[in-house]
Amino acid sequence: MRLLVTGGAGYVGSVVAAQLIEAGHEVTVLDDLSTGHEDAVPEGARFVRADITEAGQALDGVEAVLHFAAKSLVGESVQQPGLYWANNLGGTLGLLDAMRDHGVGRIVFSSTAATYGEPERSPIEEGDPTRPTNPYGASKLAVDTALSAYARQRGLGAVSLRYFNVAGAYGRFRERHAVETHLIPNVLKVATGERESVSVFGTDYPTADGTCVRDYIHVCDLAKAHLLALDAVTPGEHRVYNLGSGAGFSVQEVISVCREVTGHEIPAVVGDRRPGDPAVLVASSARIQRELGWKPERAALRDIVSDAWGALSGK
Ligand code: UFG
């Protein structure tokens with residue numbers, strides 16, 4: 001298929017774009033490089049450096065869009081909510097209009113576990129309440145709502161994939177954020193010597209060891225779900241799928257695995273809780289397994305960390 005991948009110079013977008021090309025698709029990457037890197041655009045993709053508000057220029061002949069371009073930091077969204085509403089909601093509504101104008105009726109959208117907010121139960125299922133606790137999650141949920149409406153009203157075909165904690169690497173494609181907030185890359189930066197220690201944000205949560213529990217999914221498993229979702233997009237339907245590995249690991253457990261994988265002692269310093277962090281976030285991915293036949297293949301935390309470490313350290 002001829003595909004447009006917005007945000008294809010970013011972490012998840014570049015891995016998915018690479019896998020789409022390997023699967024024989026024709027890919028155009030649209031990215032403004034505000035957080036992405038031009039050298040992450042995979043070989044074989046056409047690259048258009050532009051904002052999503054200018055996506056129309058890249059939509060001629062396109063059969064489907066995979067939409068990753070977004071602002072994605074929870075903390076920043078609390079500081080600058082307008083940026084998140086304008087970019088994530090406003091930008092996407094503009095993209096959907098441009099798609100309509102160009103006769104493009106299929107989209108796979110990067111949604112997030114942050115749409116659920118503080119969960120009532122674990123693992124979280126897609127029908128559970130969505131009560132986001134920050135503008136990032138709220139802006140993504142608003143897009144999910146719009147996709148449902150456009151599917152009914154305009155016959156759009158859409159799949160929203162709600163990512164839990166994405167980590168790992170695909171060959172050279174890895175996480176590279178100017179401001180790194182995520183746990184695994186921050187822990188590994190201690191092993192490379194870029195940081196002296198890692199902060200553990202709170203040890204007084206109601207979990208076995210007192211630190212927050214998250215569901216880590218390998219970026220390659222996540223990418224495979226996009227290829228399945230693309231095949232499943234059906235005009236007039238909006239489907240929502242959670243994507244996690246289904247197992248929860250605490251911050252302390254993640255640090256322990258990183259110590260094992262790197263052989264580095266990785267000093268950890270206990271700090272205060274980070275505002276807005278739910279104690280436990282674990283996905284039920286039963287729906288996508290049942291409906292699309294998705295199965296995580298690198299779900300073990302050790303594999304996820306090993307691949308992230310390999311890409312970072314060149315090992
Ligand atoms: N943490 C630390 N030290 C760090 C970084 C993180 O202790 O240096 C802790 C956090 O407090 C949290 C856990 O490690 O308990 C995971 O934190 P991340 O920042 O790696 O990931 P989040 O769970 O906060 O966020 C992820 C995605 C978001 C998404 C969210 C869903 O990155 O985009 O899940 O709630 F919104």
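Scanning the stretch 129-138 finds one or more residues that are assigned to a strand (DSSP E or B) and surrounded by fewer than 20 Cβ atoms within 10 Å (Cβ to Cβ).
Of note, TYR241 satisfies the criterion of being crowded, with 18+ Cβ neighbours inside 10 Å, more than 11 Å from the ligand (Cβ to nearest atom), farther than 17 Å from ARG302 by Cβ and not polar (S, T, N, Q).
Of everything in the stretch 213-238 that is among the β-branched types (Val, Ile, Thr) and within 21 Å of PHE109 (Cβ to Cβ), the residue that is farthest from the ligand (Cβ to nearest atom) is THR234. Go through (1) more than 9 Å from the ligand (Cβ to nearest atom); (2) under 27 Å from PRO119 (Cα atoms) one by one and return the number of the condition VAL187 breaks. Here VAL187 clears every test but (1). Scanning the stretch 254-306 for residues that are of a type outside the set (Val, Ile, Thr) and within 11 Å of the ligand (Cβ to nearest atom) gives ALA268, GLY271, ASP272, ARG273, ARG274, PRO275, GLY276, ASP277, PRO278, ALA279, LEU281, ALA283. Total residues in the stretch 144-183 satisfying the condition of being within 14 Å of the ligand (Cβ to nearest atom), touching a Leu at 6+ places or on another chain (Cβ under 8 Å) and part of a loop (DSSP other than H, G, I, E, B): the figure is 3. Looking across the stretch 70-103, the residues that are out of contact with any Asp or Glu (no Cβ under 7 Å at 6 or more places or on another chain) and not in a helix (DSSP H, G or I) come down to ALA70, LYS71, SER72, LEU73, GLN80, GLY103.
Readers should treat all values here as calculations from the given coordinates under stated rules, not as data from a laboratory. In this text, all values refer to a predicted model and were calculated from it rather than measured experimentally. Counting neighbours? That spans all protein chains shown, and the Cβs are built from the backbone with ideal geometry, glycine included.
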